[in-house]
Amino acid sequence: MAPENGGEPVFLIFGKSGWIGGLVGELLKKGGYKFEYANARLEDRATIVSEIERVKPTHVLNAAGVTGRPNVDWCEDNKVATIRSNVIGCLNLADVTNQMGIHMTYYGTGCIFHYDEDFPEGSGKGFMESDKPNFTGSYYSFTKAIVESLLKEYPNVLTLRVRMPIVADLTYPRNFITKIIKYDKVVDIPNSMTVLPELLPYSIEMAKRKLTGIMNYTNPGAISHNEILQLYKEYIDPEFTWSNFTIEEQAKVIVAPRSNNLLDTKRIESEFPEILSIKDSLIKYVFEPNAKKKTEVLAAVKEMRGR
Ligand SMILES: NC(=O)c1ccc[n+]([C@@H]2O[C@H](COP(=O)([O-])OP(=O)(O)OC[C@H]3O[C@@H](n4cnc5c(N)ncnc54)[C@H](OP(=O)(O)O)[C@@H]3O)[C@@H](O)[C@H]2O)c1
């Protein structure tokens, strides 16, 4: 691995214009770290190399990849573009950083698992880091499962399995809570989720610790759509109501199936024993801060929902 120049880490972030890339940059700035955003496209190996030679990072943070707009259904109709970024591009960066002796942290996804007869919903049995992906129902997840299984051979790479990321802003369109507040109908399935304000700082720390391999990067436990909406009702809007539908009914309004799962969190708990359960983290990082400015939040959410 590259020597730490005077012990001080230098980060190079891919995913400058992205949600997670943006948040990670803000965190590094706040923490007083040395960092730069990369401009190279992931599929352009030569530019990646020259950018790394210029910045000389000790750590690369890869938050780049296609996630689809307005959602992952985009990948169903743009398969080559998805392969170029999520498979070829991601492997390029892993390969270059490996050859140059630099640690890479990859913000990947845990949406590559689905409850089944061996991992039944509600059983409390979560998918381990060592489990093989069993959900490739969407093209997005298919590419992510392939790349994860190849990346795990790279000794310099830490793959973080992000799931249903959540931030405090209840009107931010990519926030999982915003999505379910906005939908006309929601399914009600317990899932593992990533509360970004709590977990993103851990990703910087994990990079500094030079952890490698796969990490289920979610808060411990699972929470269902209804449980989250109930918290919203309790903390923000006592008048809030919603309707549920089944997975079969949901399938009629989306193109590709979505994954629902519980990830085992023993590995992340062993690194960060203070990590909060998903419900406690949501209360601390989302609902309590929003409850302090309830009137303002309620007005913004109502405007966003149009009802
Ligand atoms: N948001 C979620 O719900 C979610 C859930 C689980 C996991 N994740 C994973 O977390 C990572 C970051 O997600 P995000 O939500 O921050 O994504 P995002 O907001 O869609 O941002 C993706 C970033 O990747 C860049 N990018 C895409 N293809 C690229 C390429 N070929 N070369 C260089 N840059 C490229 C984009 O830049 P341009 O716009 O310039 O292309 C953008 O800056 C992804 O791997 C995603 O799969 C996200």
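The values are calculated or read from the model by the stated rules, or taken from the named source; none is laboratory data. These figures come from a predicted structure and were not determined experimentally. Note: ideal-geometry Cβ built from the backbone for every residue, glycine included; neighbour counts use all protein chains shown.
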Could you list all residues from region 80-108 that are within 11 Å of the ligand (Cβ to nearest atom), over 24 Å from residue 205 (Cβ atoms) and touching a residue at least 24 places away in the same chain (Cβ under 8 Å)? 82, 83, 84, 85, 86, 87, 88, 89, 92
Filtered residues of region 101-118 (kept if assigned to a loop (DSSP other than H, G, I, E, B) and buried (at least 19 other Cβ atoms within 10 Å of the Cβ)): 102, 110, 111, 112, 113, 114, 115
Consider region 2-35. How many of its residues are farther than 26 Å from residue 169 by Cα and either among the hydroxyl-bearing types (Ser, Thr, Tyr) or within 15 Å of the ligand (Cβ to nearest atom) (or both)? 1
Is region 124-141 home to any residue that is within 16 Å of the ligand (Cβ to nearest atom), under 18 Å from residue 19 (Cα atoms) and not small (Gly, Ala, Ser)? yes
Residue check, residue 154 within 20 Å of residue 229 (Cβ to Cβ) and of a type in the set (Phe, Trp, Tyr): no
Mind checking which residues of region 236-261 are among the hydroxyl-bearing types (Ser, Thr, Tyr) and either in contact with a Cys (Cβ under 8 Å, 6 or more places away or on another chain) or surrounded by 19 or more Cβ atoms within 10 Å (Cβ to Cβ) (or both)? 259
Which pairs turn up if I take residues in region 146-161 that are more than 14 Å from residue 129 (Cα to Cα) and of a type outside the set (Val, Ile, Thr) and look for partners that are at pLDDT 95 or above and in a loop (DSSP other than H, G, I, E, B) with beta carbon separation below 7 Å, at least 6 apart in sequence or on another chain? 155/212; 156/102; 156/212
Helices (runs of 4 or more DSSP H) completely within region 1-100 that count 2 or more residues being among the charged types (D, E, K, R) and more than 18 Å from residue 148 (Cβ to Cβ): 19-30, 45-55, 74-77
Quick test of your reading of the structure: residue 169 fulfils all but one of (1) touching a residue at least 24 places away in the same chain (Cβ under 8 Å); (2) more than 26 Å from residue 269 (Cβ to Cβ). Name the failing condition by number. (1)
Somewhere in region 204-217, is a residue closer than 30 Å to residue 96 by Cα, within 16 Å of the ligand (Cβ to nearest atom), free of Cβ contacts under 8 Å to residues at least 40 places away in the same chain and crowded, with 17+ Cβ neighbours inside 10 Å? no
Enumeration of residues in region 161-176 that are surrounded by 20 or more Cβ atoms within 10 Å (Cβ to Cβ), in a loop (DSSP other than H, G, I, E, B) and within 7 Å of the ligand (Cβ to nearest atom): 163, 164, 165
Taking region 246-276, which residues are part of a loop (DSSP other than H, G, I, E, B), touching a strand residue (DSSP E or B) at 6+ places or on another chain (Cβ under 9 Å) and over 22 Å from residue 140 (Cβ atoms)? 264, 265, 276
Count of region 53-79 residues which are crowded, with 21+ Cβ neighbours inside 10 Å and either without any contact (Cβ under 8 Å) to a residue 12 or more places away in the chain or more than 8 Å from the ligand (Cβ to nearest atom) (or both): 7
